[in-house]
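Novice: Have a look at this one.
The values are calculated or read from the model by the stated rules, or taken from the named source; none is laboratory data. Since this is a predicted model, take the numbers as computed values, not measurements. Methodologically, a virtual Cβ is constructed for each residue, glycine included, from the backbone with ideal geometry; neighbour enumeration extends over all protein chains shown.
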Amino acid sequence: MALAPDPDRDLLLERDVDVTPDLVWAAWTQPEHLKRWFAPLPYTTPECEIDLRPGGLFRTVMRSPEGETFDNVGCYLAVVENERLVFTSVLGPSYRPSGETDLPFTAVITLEPTGSGTRYSALAMHGTPEVAKRHDEMGFHEGWGIALDQLVAVAKEL
């Protein structure tokens, strides 16, 4: 199911990468791998918890170079191995509304095989244009792009 991005409320990063969907999937779904790439350097991800199922926990802790930490708790909405991963910051585990996020969005990660690589798509869906603009101004494209480069480097080592 392809989603058409709303240009007012959504942000999209698409790129062809030279690693296969199964390696991208492993980097996204195994905490020991995700911690190595998820935050754009010099930020780090010292903690990650994954319960890889619809309704399951997706939690990361990001740390700034100054030592400030950001605990992000979300919920998986859809899990289709090697193809699609959907999670949201709006719900916690078991689809329980969290109401605790500063940046409410739903992410749709789509992986499509392209010969020896993957067409990678990260769609960040927001409820309002204002939240999308704030996410964009926080550096969505740069940050998620750097993180994708880091993911590819990690995936090549798997």
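Novice: Considering only residues that are among the β-branched types (Val, Ile, Thr), surrounded by 15 or more Cβ atoms within 10 Å (Cβ to Cβ) and over 18 Å from residue 101 (Cβ atoms), which ones fall in the range 51-89?
Specialist: Kept after step one, since they are among the β-branched types (Val, Ile, Thr), are these residues of the range 51-89: 60-61, 69, 73, 79-80, 86, 88.
Right, trim to surrounded by 15 or more Cβ atoms within 10 Å (Cβ to Cβ) and you get 60-61, 73, 79, 86, 88.
Within the range 51-89, 79 is the sole residue that qualifies.
Novice: Is it true that some residue in the range 90-98 is in contact with a Pro (Cβ under 6 Å, 6 or more places away or on another chain), over 20 Å from residue 136 (Cα atoms), surrounded by fewer than 14 Cβ atoms within 10 Å (Cβ to Cβ) and not charged (D, E, K, R)?
Specialist: There is no residue in the range 90-98 that is in contact with a Pro (Cβ under 6 Å, 6 or more places away or on another chain), over 20 Å from residue 136 (Cα atoms), surrounded by fewer than 14 Cβ atoms within 10 Å (Cβ to Cβ) and not charged (D, E, K, R).
Novice: Pairs, please: C-beta under 7 Å, at least 6 apart or cross-chain, first residue among the small types (Gly, Ala, Ser) and in the range 5-26, second at pLDDT below 95?
Specialist: Listed by first residue and then by second, the contacts come to 26/158.
Novice: Quick test for you: out of 116, 89, 98, 64, pick the one residue that is out of contact with any strand residue (DSSP E or B) (no Cβ under 9 Å at 6 or more places or on another chain) and either aliphatic (A, V, I, L, M) or at negative phi (or both).
Specialist: Values: 89 fails: out of contact with any strand residue (DSSP E or B) (no Cβ under 9 Å at 6 or more places or on another chain); 98 fails: out of contact with any strand residue (DSSP E or B) (no Cβ under 9 Å at 6 or more places or on another chain); 64 fails: out of contact with any strand residue (DSSP E or B) (no Cβ under 9 Å at 6 or more places or on another chain).
Among 116, 89, 98, 64, only 116 is out of contact with any strand residue (DSSP E or B) (no Cβ under 9 Å at 6 or more places or on another chain) and either aliphatic (A, V, I, L, M) or at negative phi (or both).
Novice: Residue 104 is checked against (1) in contact (Cβ under 8 Å) with a residue 60 or more places away in the chain; (2) buried (at least 18 other Cβ atoms within 10 Å of the Cβ); (3) not polar (S, T, N, Q) and fails just one. What number does that condition carry?
Specialist: (1)
Novice: Here is a list of conditions, (1) touching a residue at least 24 places away in the same chain (Cβ under 8 Å); (2) closer than 21 Å to residue 25 by Cβ; (3) part of a strand (DSSP E or B), and residue 73 meets all of them except one; can you say which number that is?
Specialist: Here residue 73 clears every test but (2).
Novice: Restricting to the range 134-158, what's the tally of residues that are farther than 22 Å from residue 105 by Cα, in contact (Cβ under 8 Å) with a residue 60 or more places away in the chain and in a helix (DSSP H, G or I)?
Specialist: Residues meeting the conditions: 6.
Novice: For the range 16-23, state whether one or more residues are assigned to a strand (DSSP E or B), surrounded by 14 or more Cβ atoms within 10 Å (Cβ to Cβ), of a type in the set (S, T, N, Q) and over 14 Å from the mean Cα position of the chain (by Cα). I'd like the intermediate steps shown before the answer.
Specialist: Of the range 16-23, the ones assigned to a strand (DSSP E or B) are 16-17.
Still in the list and also surrounded by 14 or more Cβ atoms within 10 Å (Cβ to Cβ): 17.
Filter once more, keeping what is of a type in the set (S, T, N, Q): none.
No; the residues of the range 16-23 include none that is assigned to a strand (DSSP E or B), surrounded by 14 or more Cβ atoms within 10 Å (Cβ to Cβ), of a type in the set (S, T, N, Q) and over 14 Å from the mean Cα position of the chain (by Cα).
Novice: Filter the range 38-50 down to the residues that are part of a loop (DSSP other than H, G, I, E, B), in contact with a strand residue (DSSP E or B) (Cβ under 6 Å, 6 or more places away or on another chain) and surrounded by fewer than 19 Cβ atoms within 10 Å (Cβ to Cβ) and list them by number.
Specialist: Applying the first criterion (part of a loop (DSSP other than H, G, I, E, B)) to the range 38-50 yields 38-43.
Among the residues that remain, those that are also in contact with a strand residue (DSSP E or B) (Cβ under 6 Å, 6 or more places away or on another chain) are: 38-39, 43.
Answer for the range 38-50, where residues must be part of a loop (DSSP other than H, G, I, E, B), in contact with a strand residue (DSSP E or B) (Cβ under 6 Å, 6 or more places away or on another chain) and surrounded by fewer than 19 Cβ atoms within 10 Å (Cβ to Cβ): just 43.
Novice: May I pose another question? I need the full set of residues from the range 95-118 which are of a type in the set (Val, Ile, Thr) and outside any loop (DSSP other than H, G, I, E, B), in order please.
Specialist: Of the range 95-118, the ones of a type in the set (Val, Ile, Thr) are 101, 106, 108-110, 114, 118.
Across the range 95-118, the qualifying residues are 106, 108, 109, 110, 114, 118.
Novice: So, one more: If you take the residues of the range 27-37 that are under 20 Å from residue 117 (Cα atoms) and in contact (Cβ under 8 Å) with a residue 60 or more places away in the chain, which of them is surrounded by the most Cβ atoms within 10 Å (Cβ to Cβ)?
Specialist: 27
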